[in-house]
1. Looking at region 236-321, what helices (runs of 4 or more DSSP H) fall wholly within it and have at least 2 residues that are within 16 Å of the ligand (Cβ to nearest atom) and of a type outside the set (V, I, T)?
2. With (1) surrounded by fewer than 23 Cβ atoms within 10 Å (Cβ to Cβ); (2) under 14 Å from P352 (Cβ atoms) as the list, and R9 as the residue in question, which single condition is left unmet?
3. Restricting region 372-413 to residues that are out of contact with any Lys or Arg (no Cβ under 9 Å at 6 or more places or on another chain) and of a type in the set (G, A, S), which is nearest to R46 (Cα to Cα)?
4. Which residue is surrounded by the most Cβ atoms within 10 Å (Cβ to Cβ), if the candidates are limited to region 117-127 and must be modelled with pLDDT under 95 and within 13 Å of the ligand (Cβ to nearest atom)?
5. Every residue in region 356-388 that is in contact with an Asp or Glu (Cβ under 8 Å, 6 or more places away or on another chain) and within 16 Å of the ligand (Cβ to nearest atom), please.
6. For residues that are surrounded by fewer than 19 Cβ atoms within 10 Å (Cβ to Cβ) and aliphatic (A, V, I, L, M), tally how many sit in region 196-211.
7. With the requirement that a residue be touching a strand residue (DSSP E or B) at 6+ places or on another chain (Cβ under 8 Å), within 12 Å of the ligand (Cβ to nearest atom) and among the aliphatic types (A, V, I, L, M), what does region 37-76 give you?
8. Residues that are basic (K, R), without any contact (Cβ under 8 Å) to a residue 40 or more places away in the chain and surrounded by fewer than 19 Cβ atoms within 10 Å (Cβ to Cβ): does region 385-394 have at least one?
Amino acid sequence: MPLERLVLRPPETGHKILIAESGLRVPDDPIIPLIEGDGIGPDVVRAARSAIDAAVASAFGGRRRIAWYPVPAGERAMFQYGDMLPEATLGAIREYVVGLKGPLTTPVSGGFRSLNVALRKTLDLYANVRPVYWIPGVPSPVTHPERLDIVIFREGTEDVYAGIEWEKGTAEARRMIEILDKEFHTRVRADSGIGVKPISETGSKRLVRKAIRYAIDNGRKSVTLVHKGNIMKYTEGAFRTWGYEVAKIEFRESTIPWDDVVKSHGGKIPDGKIVIKDVIADNMFQQLLLRPEEYDVLATTNLNGDYLSDAAAAQIGGLGVAAGGNIGDAHALFEPVHGSAPKYAEMDKVNPTAEMLAGVMMLEYLGWREAAVRLRSAVKSVVGSKVVTYDLARLMPGAKEVRTSAFARAVVDAMDGAGR
Ligand code: NAP
């Protein structure tokens, strides 16, 4: 079949979100680009879209609505237009500022390392933000999942995501080994692959700045800098130093380092101050299991954040209910944490909760809190009543197993009830 020429047309009604100095200017009918994704993507995105629309209608009556703008990416875009990530799609997200996406399959060979990484890098979405909290009723491997309620800010452009590495035996790897030996008197085995881990002051500070601002805006109590600075002093250690600097210089009025709490306030946090503390990455894993209530917002480098966010998600019931946002200075793209699970494609079977909670994050980002709260509460009430998809039903005694679309209808009905 010949490829089609891609011409994207935004919806006829709706307006652009504008980027102002003071923040986003969101109209009452923002145009939101929507990537439906691959595999189970269309099923979960359809479910989430109906739930988000219902939440907006329930919170604002007819005063506000989202003008969805479907844009292609992934396997279908490749099949139709010969490009997994068409420039027009990137252009639409750039132009309309905030988007929602379903999961995309990563091509196994050639091309992009990952479409998601390409999206984050091209749009400079440097903060990968993951709220991790428990929905009552969701089966969890820990005794008290309700004690964990954190938001992880993971740097999304540097560290291992910079993707600077050379295979063993290549001219580049040999040359790097030679430079290390001759110029820095550092011996590296000749049969080594070489990777470079860049962590910059700019990249670290903008990430920590975003985490602290989030903590202030959302009434959070602490920001913990998670690092491996005891071993990697000039990358991970520097991340910690720069994090404390941002707090001290830019947020002096609203933050206090933990050391000062101990030295000058007898261990009692002064009212209205957000505590800035730091924890070494390996310790952080046991802290989240043993003393989860002591942590609130975490800010961390790329690789630490990768491991931590999946481990934390497991504590509250796994990837099926975990959502995330990729956020830059203004642009943002929200998505579920899980992948495209191709074996369940078009079966109307999987759990759309993570995609719906990505919608909750998006509504919060738009400043439409009333709608976000309604959607989150509706999801909680449906799961709490044990109406769930197969993944949770198999772990919940007495559950009623429903399809993706039926779960979505139950969430919409829960909001209709609440709105009246
Ligand atoms: P996956 O798609 O997340 O699926 C792994 C398993 O997790 C599924 O077989 C299923 O478990 C469970 N699962 C995932 N989503 C679920 C949902 N909504 N409801 C219920 N159960 C769910 O991981 P994968 O198989 O490793 O990856 C498939 C593709 O997705 C790959 O191409 C990968 O690169 C891509 N991916 C994309 C993203 C993204 O777009 N952000 C993220 C991760 C992976 P059971 O088999 O036990 O039922």
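1. Values: elements: 238-250, 258-265, 281-290, 302-315.
Result: 302-315.
2. (2)
3. My answer is A406.
4. Step one: of region 117-127, the residues modelled with pLDDT under 95 are 117-124.
Subset that is within 13 Å of the ligand (Cβ to nearest atom): 117-120.
Numbers: V117: 15, A118: 17, L119: 23, R120: 21.
Within region 117-127, the match that is surrounded by the most Cβ atoms within 10 Å (Cβ to Cβ) is L119.
5. So in region 356-388, the residues in contact with an Asp or Glu (Cβ under 8 Å, 6 or more places away or on another chain) come out as 358, 372, 388.
Those that are in contact with an Asp or Glu (Cβ under 8 Å, 6 or more places away or on another chain) and within 16 Å of the ligand (Cβ to nearest atom): A358, V388.
6. 1
7. Correct list: V44, V45, A48, A73.
8. Quick first cut of region 385-394, residues basic (K, R) only: 386, 394.
Keeping just the survivors that are without any contact (Cβ under 8 Å) to a residue 40 or more places away in the chain gives 394.
Filter once more, so that each one left must be surrounded by fewer than 19 Cβ atoms within 10 Å (Cβ to Cβ): 394.
Within region 385-394, one or more residues are basic (K, R), without any contact (Cβ under 8 Å) to a residue 40 or more places away in the chain and surrounded by fewer than 19 Cβ atoms within 10 Å (Cβ to Cβ).
The values are calculated or read from the model by the stated rules, or taken from the named source; none is laboratory data. The structure presented is a predicted model; accordingly, all values stated were derived computationally and were not measured. Reconstructed Cβ throughout: ideal geometry from the backbone, glycine too, with neighbour counts over all protein chains shown.
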